[in-house]
Amino acid sequence: MRVISLFPAALLCVVLGAGGILSASQVAQAQQATAPAPAESAHSPSSALSQSDIAKMLPATDMGAGAARANNPHLPPASDSPATPFDAASIPANPLAPSADAVGAKTCVACHAQENMQASHSLHVASFRAGAANSGPQAACESCHGPGSEHAKNPTAPGSIIAFTHDAKTSPQVQAGVCLSCHAGGARQHWIGSIHQNRGLSCTDCHNPMARLSPEGVLAKSSINEVCSTCHQDIRAKFNRRSHMPLPEGQMACTDCHNPHGSITKPLLKTDTVNETCYTCHAEKRGPFLFEHAPVRANCLNCHDVHGSNQQTLLVAPIPMLCQQCHTMTRHPNDLQSAAGLGTGPHPDERLIGRGCLSCHSNIHGSNNPSGPKFHK
């Protein structure tokens, strides 16, 4: 009887608790309905970065606002972003016409109608024109060619305008300086002192910003490889050999290994050493190995001609002649193998025909096998 009498009391407590829970949930829903919804930021990035954070991450440039912007109170202030917009590009000084003044792009187009037509669809001119509303007189043409008043008065006077050709009076240093005033830093930080700069090259030897001749990079030819082969004809011929890098097939370009704008190495490598450049693709040759092959670790060029070879796998000489440049025939048949013993030689030798050092020393780049000091395994 005592248990039965407690049952109605327990049931009453459960009903009262459920009612409290329901009333609490109704109050919470009412508070959520009356509370103001948080403002959703328009175009907020998924990483929750603010516009100021993104601006700080932009690469710095050397584009200055110029005197025209600083002296014109009607122009809006330049952005605080490290990357200055096109409408703040300054007019470069022409050392051969120091007293020239800016005359504006309309004056240039009055005579250079053909150049205007060719350059209208180029990236540089389109960008400068997009910012011409805030750039004052320093729009389009004069942002690269300098102030044009002296050139407008006497168009045939040499040096009255900054010209980007070899037969012009403007020196290659001045030509490159105009480009570097915007494109300084990054991949071009080692241009000063590079082999290309010391040979008197300017940016327009490889690039043509006045016409769209390439899909990207405003190159002077349709591809990077064609631009490089204009001067490096000997290297281009190597790619026609039977064993070569897949550059003619379009699977790589010269800039995959070299930085034409300058580097800390003489051959303009993108890394510190030849081996580091090779390891970017041939990572399995990097090691470290339990047993190292000294000439391989020193330089890949000891055995390979990286641009092309008539031997297998880009070797500089056929095997075993390549190996015999360092190794004698100790513990092998005591005969120095030569080209005469090849299948096409006057005295074919069965030890050379279809065979080579790599038949036994297969892991010639290095071995991790405990029984591999001779690179057998």
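The values are calculated or read from the model by the stated rules, or taken from the named source; none is laboratory data. Source: prediction; values computed, not measured. Cβ coordinates were reconstructed from backbone atoms using ideal geometry, including for glycine residues, and neighbour counts include every protein chain displayed. The protein model used for the area step is the full one, side chains on, heavy atoms only, and it has no ligands, DNA or RNA in it. Shrake-Rupley method; radii C 1.70, N 1.55, O 1.52, S 1.80 Å.
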Quiz item: How high is the FRET efficiency from HIS347 to ASN368, r the C-beta distance, R0 41 Å, rounded to 0.05?
Solution: 0.55
Exercise. Give, as a single signed number, the net charge of other residues whose beta carbon lies under 13 Å from the beta carbon of CYS278, with Lys and Arg counted +1 and Asp and Glu -1.
Key: -1
Practice problem: May I ask you to give the solvent-accessible area per residue for segment 194-246, in square angstrom, as obtained with a 1.4 angstrom probe? | Solution: 62 Å²
Self-check item: Theoretical FRET efficiency, 1/(1+(r/R0)^6), r = Cβ-Cβ of LEU269 and HIS332, R0 41 Å, to 0.05
Solution: 0.65
Exercise. Could you pull out every one of the lysines with an alpha carbon less than 30 Å from that of LYS285, ignoring same-chain neighbours closer than 8 positions?
Key: LYS238, LYS266, LYS270, LYS374, LYS377
